[in-house]
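The values are calculated or read from the model by the stated rules, or taken from the named source; none is laboratory data. What you see is a predicted model, and the numbers here were worked out from it, not measured in a lab. No Cβ is skipped: glycine too gets one built from the backbone with ideal geometry, and neighbour counts run over all protein chains shown. Note: areas computed on protein heavy atoms with side chains; ligands, DNA, RNA excluded. Shrake-Rupley method; radii C 1.70, N 1.55, O 1.52, S 1.80 Å.
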Amino acid sequence: MSELTFEQMLDESFKTIHAGEVVEGTVIDVKPEEIILNIGYKSDGILTKNEYTNEPNVNLTTIAKPGDTMEVKVLKVNDGEGQVLLTYKRLAADRGNKRIEEAYNNREVLTAKVAQVLDGGLSVVVDEVRIFIPASLVSDVYEKDLSKYAGQEIQFVISEYNPKRRRYIGDRKQLILAEKAELQKKLFESIHEGDTVEGFVKNVTDFGAFVDLGGADGLLHISEMSWGRVENPKKVFKVGEKLRVLIKEISGSKIALSLKFEEENPWRGAAQKYAVGSIVTGKVARMTDFGAFIELEPGVDALLHVSQISKEHIEKPADVLKIGEEITAKVVDFNDADKKISLSIKAMLASEPKAAEEDVVSVDIDAVIADGQQEDGEA
């Protein structure tokens, strides 16, 4: 039996390794571009930066130091120069694939930092596995510019897992929708018609404002914004503004809001303030062919019929009045039930009380408005 040479005995003292095998090594030396490890083999292992991570700006001297231990995967037993080529990122990717598969099967919510903002969505990395989140799955609303997500940590679930094609799709949208559904459920369980709640203006349109109540949006219609007249909601409210609003009506998932709080109702006490015979002052708010509407205070308008503007005949109010003009008149009719007041300047101009009484005309506001509309239609 022949004796083994020293070199043969030395070779047999080292373990045998194969490509694809996972081994543990001890760091011998670290350079910015590579790590050298003792893996218990006759040759040292070389781990290059490209096989450590996909991140471009990494200095390996900040990652490892001599004496550290690392688990790596054998890429090549002999690189042609007698050295063993190792990889860490592929081992991490293998384990990452398993991690992503488990997350996919268990519908687990993952958290990761956005590594890249792309034209069509976001890219995140979980355990060296790159996951793509399409723009349509980033949010529950369309977002043209995704740059705000750069570097942010976001949560998502895996909606598609295809390791053969290396296709991993993340979905953030369904988490947002689920959270909103839960918030909406809690909101509707806690609110009732007549409640006063706080919210934030989410959007302002020509017809009203949408207010975020924390789970659902409510509509504050232009007619419910004030006891007075609001011409343009966009001049009154700003997005993000905090509001204290009254829940006027709940119909299914729709919430109607109001800023007309009863304690601020200008018609409370109006019967005394604007009693028949009172002399009042107001501003011309708007005009029609049959009369002018005078704002006595925000939320309280009165009709000055064209026949009550002057003793002389007037074709239409615009011939003698202007919007914003201040006028003084006498209250000749007050209807608290219908919230209607009739005024007369003519009654104040009468030289004698009796004559003034004969000149006063009792006006049915509804009938006058209806006649005016009918004439406009015939014209």
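General observations
- Taking (1) closer than 18 Å to residue 229 by Cα; (2) touching an Asp or Glu at 6+ places or on another chain (Cβ under 7 Å); (3) of a type in the set (A, V, I, L, M, F, W, C) in turn, residue 271 satisfies each apart from (1).
Table: residues versus (1) among the polar types (S, T, N, Q); (2) under 30 Å from residue 180 (Cα atoms).
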{"position": "68", "(1), (2)": "no, no"}
{"position": "82", "(1), (2)": "no, no"}
{"position": "110", "(1), (2)": "no, yes"}
{"position": "121", "(1), (2)": "no, yes"}
{"position": "147", "(1), (2)": "yes, yes"}
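- Restricting the first member to region 144-165 and to residues that are over 13 Å from residue 101 (Cβ atoms) and open to solvent by less than 50 Å² (accessible area, probe 1.4 Å), and the second to residues that are in a strand (DSSP E or B) and of a type in the set (S, T, N, Q), the beta-carbon pairs closer than 8 Å and six or more apart or on different chains are 154/111.
- Residues of region 279-303 that turn out to be open to solvent by 20 Å² or more (accessible area, probe 1.4 Å), among the β-branched types (Val, Ile, Thr) and in a strand (DSSP E or B), as a count: 2
- Among the residues making up region 241-265, those that are of a type outside the set (A, V, I, L, M, F, W, C) and in contact with a Lys or Arg (Cβ under 9 Å, 6 or more places away or on another chain) are 248, 258, 260, 262.
Okay, residues lined up against (1) aliphatic (A, V, I, L, M); (2) farther than 24 Å from residue 184 by Cβ; (3) touching a strand residue (DSSP E or B) at 6+ places or on another chain (Cβ under 6 Å); (4) in a loop (DSSP other than H, G, I, E, B):
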| site | (1), (2), (3), (4) |
| --- | --- |
| 227 | no, yes, no, yes |
| 230 | yes, yes, no, yes |
| 234 | no, yes, yes, no |
| 237 | no, no, yes, yes |
| 244 | no, no, yes, no |
| 256 | yes, no, yes, no |
| 263 | no, yes, no, no |
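- Top-ranked residue in region 182-213 [being in contact (Cβ under 8 Å) with a residue 24 or more places away in the chain and polar (S, T, N, Q); ranked as surrounded by the fewest Cβ atoms within 10 Å (Cβ to Cβ)]: 196
- For region 119-130, filtered to residues that are under 15 Å from residue 172 (Cα atoms) and not β-branched (Val, Ile, Thr), the residue that is most open to solvent (accessible area, probe 1.4 Å) is 120.
- For region 244-266, filtering for residues that are in contact (Cβ under 8 Å) with a residue 40 or more places away in the chain, open to solvent by 30 Å² or more (accessible area, probe 1.4 Å) and closer than 23 Å to residue 297 by Cβ leaves 3.
- Residues in region 309-319 that are surrounded by 20 or more Cβ atoms within 10 Å (Cβ to Cβ) and under 51 Å from the mean Cα position of the chain (by Cα): 317 only.
- Residues of region 11-46 satisfying the condition of being assigned to a loop (DSSP other than H, G, I, E, B) and either charged (D, E, K, R) or modelled with pLDDT of 90 or more (or both): 15, 21, 32, 33, 39, 42, 44
- The listed residues are 133, 100, and the only one of them that is open to solvent by less than 70 Å² (accessible area, probe 1.4 Å), at negative phi and modelled with pLDDT of 95 or more turns out to be 133.
- Residue match in region 232-239 (condition: open to solvent by less than 50 Å² (accessible area, probe 1.4 Å) and aromatic (Phe, Trp, Tyr)): yes
- Flag: residue 322 does not match the condition of being at pLDDT 90 or above, part of a strand (DSSP E or B), farther than 23 Å from residue 208 by Cβ and open to solvent by 30 Å² or more (accessible area, probe 1.4 Å).
- Hits in region 59-75 (condition: part of a helix (DSSP H, G or I), open to solvent by 50 Å² or more (accessible area, probe 1.4 Å) and in contact (Cβ under 8 Å) with a residue 24 or more places away in the chain): 61
- Filter result for residue 306 (hydrophobic (A, V, I, L, M, F, W, C), farther than 13 Å from residue 342 by Cα, in contact with a strand residue (DSSP E or B) (Cβ under 6 Å, 6 or more places away or on another chain) and crowded, with 17+ Cβ neighbours inside 10 Å): no
- Test for residue 329: is it under 43 Å from the mean Cα position of the chain (by Cα) and open to solvent by less than 30 Å² (accessible area, probe 1.4 Å): no
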